[in-house]
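Okay, so here's the structure we're looking at.
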Amino acid sequence: MALDVVRLPALTDNYVWLVHDDASGETIVVDPATAEVVDDALAARGWRLSAIWNTHWHPDHTGGNKALKASWGATVIAPAAEQARIPTADRLVAEGDVVAIGAHRAVVMETAAHTAGHISYHFGDEALLFVGDTLFAMGCGRLFEGDAAQMFANMQRYAALPDETAVYCAHEYTESNGRYALTVEPDNAALGARMAAVRAARAAGEATVPTSIGLERATNPFLRARDAAHLAELRAGKDGFRG
């Protein structure tokens, strides 16, 4: 039976991901920005929270940890390299470790660059990928604690996954990312078509994620970067972009 993934808008532009396995009755949350949005969603569905999965330490991804852990007794799973910055962590994970919800297994990928210990969770059998702030629709995360070589390596790993892999990123940055992408690849027809759809969706108040590896491979300049130097150039351009 497939996992049920629910998108929960939080703060200004965050997305919190609630994942439920009906067979086991287990529910996890990925990167709870606040406890309130999670509690409300659980109550509305009659679900109980069993675990919290963090991709990195930033407060807009861990802000709900303490309250949710206290109220639900949920186990907090977090990147081992960021133990000192996620004091609520119960289990620390690193590259190749396996975490599960019911019978569904996700492999931990170390994807440092946005933060020094950032991780992603990949459900290979279900073709689901929770990327935190490493990959965005038509973009990638800022290089706060890492470098372009690390981010390029992340992009290469993601790009090697099957096209149908659903990508659950943690922010609604798509329209801004797309505007920049068009300055980089103005003749990319797939990108132009995607941006038309994105603009229409946002004008209607609709979300633009999850995305997919196939769609990103066709339209994301960062996933299409030739090498680390090219990615560094793209990232510097995006950091200064005001369009």
For this session: Scan ALA2, ALA23 and give me the residue that is assigned to a loop (DSSP other than H, G, I, E, B), touching a Gly at 6+ places or on another chain (Cβ under 8 Å) and either at negative phi or open to solvent by less than 20 Å² (accessible area, probe 1.4 Å) (or both).
Result: ALA23
For this session: List the number of the failed condition for ASP13; all other conditions in (1) among the charged types (D, E, K, R); (2) open to solvent by less than 10 Å² (accessible area, probe 1.4 Å); (3) touching a strand residue (DSSP E or B) at 6+ places or on another chain (Cβ under 8 Å) hold.
Result: (2)
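Would you pick out the residues in segment 106-127 that are assigned to a strand (DSSP E or B) and not small (Gly, Ala, Ser)?
Within segment 106-127, VAL107, VAL108, MET109, GLU110, ILE119, TYR121, HIS122, PHE123 meet the criteria.
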Exercise. Are there any pairs, at least 6 apart or on different chains, whose C-beta atoms fall under 7 Å, with the first in segment 39-67 and at pLDDT 95 or above and the second of a type in the set (Asp, Glu) and not in a helix (DSSP H, G or I), and if so, which?
Worked result: SER50/GLU26; ASN54/ASP31; THR55/ASP31; HIS56/ASP133; HIS61/ASP31
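Of all residues in segment 50-99 being hydroxyl-bearing (Ser, Thr, Tyr) and outside any helix (DSSP H, G or I), which is surrounded by the most Cβ atoms within 10 Å (Cβ to Cβ)? Break it down stepwise before answering.
Kept after step one, since they are hydroxyl-bearing (Ser, Thr, Tyr), are these residues of segment 50-99: 50, 55, 62, 71, 75, 88.
This time we only want the ones that are outside any helix (DSSP H, G or I), so: 50, 55, 75, 88.
On the way: SER50: 19, THR55: 28, THR75: 16, THR88: 17.
In this case the residue turns out to be THR55.
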Seminar exercise, completed: Residue pairs qualifying under the 6 Å Cβ cut-off, at least six apart or on distinct chains, with the first in segment 213-232 being closer than 23 Å to LEU128 by Cα and β-branched (Val, Ile, Thr) and the second being modelled with pLDDT of 95 or more and in a loop (DSSP other than H, G, I, E, B), are ILE213/LEU161; ILE213/ASP163; ILE213/THR165; THR219/MET138
For this session: List the number of the failed condition for ASP40; all other conditions in (1) of a type outside the set (Phe, Trp, Tyr); (2) in contact with a Leu (Cβ under 7 Å, 6 or more places away or on another chain); (3) part of a helix (DSSP H, G or I) hold.
Result: (2)
Seminar exercise, completed: When (1) open to solvent by 20 Å² or more (accessible area, probe 1.4 Å); (2) touching a Ser or Thr at 6+ places or on another chain (Cβ under 8 Å); (3) assigned to a strand (DSSP E or B) are applied to VAL167, the one that fails is (1)
Exercise. List, please: which pairs have Cβ atoms under 7 Å, are six or more places apart or on different chains, and start with a residue in segment 181-192 that is surrounded by fewer than 18 Cβ atoms within 10 Å (Cβ to Cβ) and end with one that is β-branched (Val, Ile, Thr)?
Worked result: ASN188/THR219; ALA190/THR219
Exercise. For segment 144-162, how many residues meet the condition of being open to solvent by 30 Å² or more (accessible area, probe 1.4 Å) and within 27 Å of VAL29 (Cβ to Cβ)?
Worked result: 5
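The values are calculated or read from the model by the stated rules, or taken from the named source; none is laboratory data. Note that this is a predicted model, so its numbers are computed, not measured. So basically every Cβ, Gly included, is an ideal-geometry build from the backbone, and we count neighbours across all protein chains shown. These accessible areas exclude ligands, DNA and RNA; they are computed on the full protein's heavy atoms, side chains included. Shrake-Rupley method; radii C 1.70, N 1.55, O 1.52, S 1.80 Å.
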